[in-house]
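Below is one structure; the comments refer to it alone.
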Amino acid sequence: MSEEHVLICVAWPYANGPLHLGHVAGCYLPPDIQARFERAKGNRVLMVSGSDEHGTPITVTAEQNNITPQQVVDEYHALNSQALLDLGCSWQPNIDSRGIEYGGALFNRTSDPRHKKMVQENFLQLMNAGLFETKTMEQYYEIHQDGGGRFLPDRYVEGICPSCSEDGARGDQCDACGATYEAAELKNPVSKMNPTSPIEIRDTDHLFYRLDVFQDVLEQHAASQHKNWKSNVRAMTKQWLDMGLRPRAVTRDLSWGIPLPMDGDEWSGKCVYVWFEAVQGYSTCARIWAEDFAEPHNHTLGKDAWKKWWCVAEDGTKPRHLYFLGKDNIPFHTVIWPALIMGLNHAKNGKTIEAPIQLPGPGDLSLETNVPAMEYLMLSGGQFSKSRKHAVWLPSFLERFDPDTLRYYLGINMPENHDTDFNWPDFVEKINSELIAAYGNFVHRVLTLGARLPSGEAGPFTAFDDLETTREAQKKLDEIHASITESLNRHRYKEALRLAMNAAQVGNQLLQSATPWKFLSDSDDGSNPTYREERHESLSALSFGWRIARFLAISMQPFLPFSSTRLWSSLGQTGDVSQISWDSAIDWNAPMTWNNTKPEPLFQRLDLEEILASEQSLADSSEPKEQPGHTVKGGKKNKNKSTEETKMTEAPEGIAYLDFETFMKVDLRVGKIHTVEDHPNADRLFVVSIDDGTEQGRTICAGLKEYYSADEMIGKSVVFVANLKPRSLRGVNSEGMMLAADDGEGNVRLITIDGDISTGSQVR
Ligand SMILES: [Zn+2]
């Protein structure tokens, strides 16, 4: 049995609202499945995460609700950590039940004073190694009547979008059209919190981390990870590296955060930028876990126990580091965090910025082994959104449903390679006709049929336990077990769960062909000379059903821990199923046991009409929403609309409608590809000139090199966005975007025109 050190790093949820199902599918369920699987295999697992509690969205919420930022984060840390436990995520107990040397788990928070202290120490180390530089930036400043004032983070400034002229655009980004810009470009800027206070742009000094000096070593690292990483991780990392790394601000003008560890007036009122400190939580959490649990429980390394999960050993052995996160966070974990880790190693080894940066060696902090990042779970076709309240919230879901139903649905529907969708009809369908029909019913049949046989001490099945007659089924299950293991090793959760469900189907087929219900009572009247043989064979198949149910309890445990525990007990097995060795699932000689209490169905059937009615009443009972025009699920709805209008515009499944006017702002046109050349400064990009019906034509940079050769593209009639704000991509001005379809599995094809039409034609 392997006893590898495995560090499971789970993205830190932002403590500014409840978790929704999109978060669960993307970040919180996959690592728990992996952690449970690794433990069952005998590995030493430490799982770390916690609430990300600093930054401006939290101060905005606090100011809007007239409470302190601490009150905001206290509320959501408590709510979210409890919801994750209720979902069965193994954040408790903190110490592995096999003993402290086997690790454990800690769900911490970034307001922990020890996290703050460790971040400040790291900050100074990086600064002393010369890895920071100072730059002067322009920032809005709010002037108060008493002569004082404060710098305003971008989220605290509102104005008219320089791109679409919509009012209410944020300081750096417009929610209406998606444009990003410099704060100074915003028209009619005002302070969001104090609209009457005058504001002006002032200079402010900030420290920047020299990401640029890590370019080469990160490219080397990405190349070595090519085989491990999923295609989305490879592509997004490459895109970042191809654009060239630039220094990134590590300080900002804000009081809610970790104070800078330097004296001097120029640094007062500034704090460590939240991205820089929250990401360090992966290591500070491991260190705090060691202080709180490993040292008091006599781990051989005491408070240095975290190093077992973090540092490259003297012989070069690396702990396995797995990072679980949504796709929006990929470059953060494959570029920025590795750059910080290598910077800390560099500083710890007494080197400064003049010395070349190196990949980690013995004694250094280790880089990620894999980043099995997820795509998005959508909600009835629209994106989950905390700010738009378009979501099904985890706490309210768990008040109403068995957590294993959610774990099943999100597991079988996991957004591994492309976005997937949550909607109530599909949820009900998958629970009733897959989980219950295949798995629940199989187990229930075995137990209820068994209960009708005469039972000895060890149950009704021992008398018929004959492994000779069920060799074929054993072989199938042995194969399924090996495949599930392989899939989980490769982070293919959907496939692994599908395979486990196949095992239930093997059981159903076995019962169907053995028809044990015909042989429950012994009706041998002598008329059938082979009756005894037939009965033995049929009931030994039923008896093997018990072994399949045991196989399922162990194999389903990482996915469906609650029902596995119930099943384990229904089978008369003792102890905790999560402590049972993974390979014991195919131990066909495990002693048979029996539980004499009446078997209960493993899952309750769901009723779609009932659920939709209760969803509707949840929506009805909530307050009016903040932003009319967006639909709402499990949250709020606009009371200003008449019921009729509500029916027309608000789908019960909560599709996030785009209003027609917004859609019509997108100017799609037909163009013909004229020339295709390599981008001079970006490996991934083509520079495409397009005949767009105008005299001068236009140039578009397109990341299609992996999918097309230049020759294949020339002459194609394509659809492009004509009114996208032009932007410079590594020195080439790109004037629009061509539309292409992407299946998420490595195939990308251009949208082309069916037949002849003149270039410049509008697409509608
Ligand atoms: Zn805009």
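Things to note:
- Matching residues in segment 445-457 - criterion: being open to solvent by 40 Å² or more (accessible area, probe 1.4 Å) and farther than 15 Å from Gln505 by Cβ: Thr448, Ala451, Arg452, Pro454, Ser455, Gly456, Glu457
- Contacts under 7 angstrom Cβ, first residue in segment 159-170 being without any contact (Cβ under 8 Å) to a residue 40 or more places away in the chain and of a type in the set (A, V, I, L, M), partner more than 9 Å from the ligand (Cβ to nearest atom) and part of a strand (DSSP E or B), 6 or more apart: Ile160/Asp167; Ile160/Lys187; Ile160/Asn188; Ala169/Glu158; Ala169/Gly159
- First in segment 178-190 and under 9 Å from Pro162 (Cα atoms) and without any contact (Cβ under 8 Å) to a residue 60 or more places away in the chain, second anywhere and in a strand (DSSP E or B) and more than 11 Å from the ligand (Cβ to nearest atom), Cβ under 7 Å, 6 or more apart: Leu186/Val157
- Yes/no for Leu499 being modelled with pLDDT of 95 or more and open to solvent by 30 Å² or more (accessible area, probe 1.4 Å): yes
- Scanning segment 112-133 turns up at least one residue that is assigned to a loop (DSSP other than H, G, I, E, B), under 30 Å from Pro395 (Cβ atoms) and touching a residue at least 60 places away in the same chain (Cβ under 8 Å).
- All conditions but one from (1) closer than 23 Å to Thr251 by Cα; (2) hydrophobic (A, V, I, L, M, F, W, C); (3) open to solvent by 10 Å² or more (accessible area, probe 1.4 Å) apply to Ile100; the one that does not is (1).
- Looking only at residues of segment 132-161 that are among the aliphatic types (A, V, I, L, M) and over 33 Å from the mean Cα position of the chain (by Cα), we find that the one that is farthest from the ligand (Cβ to nearest atom) is Ile143.
- Helices (runs of 4 or more DSSP H) completely within segment 528-637 that count 3 or more residues being buried (at least 23 other Cβ atoms within 10 Å of the Cβ), modelled with pLDDT of 95 or more and within 30 Å of the chain's Cα centre (by Cα): 531-556, 561-570
- Meeting the requirement of 1 or more residues that are within 30 Å of Ser231 (Cα to Cα), the helices (runs of 4 or more DSSP H) wholly within segment 401-500 are 403-412, 424-430, 471-489.
- Residue ID - nearest to the ligand (Cβ to nearest atom), chosen from residues in segment 186-216 that are more than 23 Å from Lys270 (Cα to Cα) and buried (at least 16 other Cβ atoms within 10 Å of the Cβ): Leu186
- Within segment 162-185, tally of residues that are near the ligand (Cβ under 10 Å from one of its atoms), closer than 23 Å to Arg202 by Cβ and over 30 Å from the mean Cα position of the chain (by Cα): 1
The values are calculated or read from the model by the stated rules, or taken from the named source; none is laboratory data. Because the structure is a prediction, the values reported are computed rather than measured. All Cβ positions, glycine included, derive from the backbone under ideal geometry; neighbour counts span all protein chains shown. Note: accessible area is taken over every heavy atom of the protein model, side chains too, but ligands, DNA and RNA are not part of it. Shrake-Rupley method; radii C 1.70, N 1.55, O 1.52, S 1.80 Å.
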